[in-house]
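Novice: Below you'll find the structure I mean.
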């Protein structure tokens, strides 16, 4: 709620809602080869986002396109960070609002150690919320020991890990083994751009490799969660 003084001195502007995935190409076209103008960028990405049922379908593609544009050198680090901050704030609020009040299942979400990119993790949280999971968010750069403590203390039904930056193979294998040990018998999955490069190690340790297709992995995830619940309850397979 905005104070009355502000409302009487500055008339609020009517902004047309726009999917953010459309804002990035417009930004690229306007700033390509020219000096970056933050005011233009903020005007593009600060338009109201269409909520709530379609938030995943709007923000998900936007996250992917921002990442692709950054990797292609079409946007600067400053532009990527501004978009990430706008989206990040939106995702935090949406995830809190989307939490199912009657959830019987919980998913623990965390980024790989040294992984600071959390937007995909919040997007995954929204997806899990739409599937009826309550999200327990650990956030960026979570070491295996922290995941182990959270698993012991919170007993989640699933652990979801995000890895977007490619790691040297020895380091990647070391972390996969450490996270597998940290999760104990709890089903665990790894998503993000770097997940595919670790698929053999993830699957060798009993994990689920999601890659960039979380919806496509839903059936495998649900089966693992149900099977583990039955084992916990002493009913076996």
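Here, each number is a calculation from the coordinates, and none is a lab measurement. Model, not experiment: these values are computed from the prediction.
Novice: When the chain is fully extended, how far beyond the present Cα-Cα distance does residue 85 get from residue 220, taking 0.36 nm per residue of separation?
Specialist: 45.4 nm
Novice: Let me ask you something else. Counting only Cα atoms, I'd like the Rg/Rh figure for region 115-237, Kirkwood definition for Rh.
Specialist: Expressed as Rg/Rh, it is 0.93.
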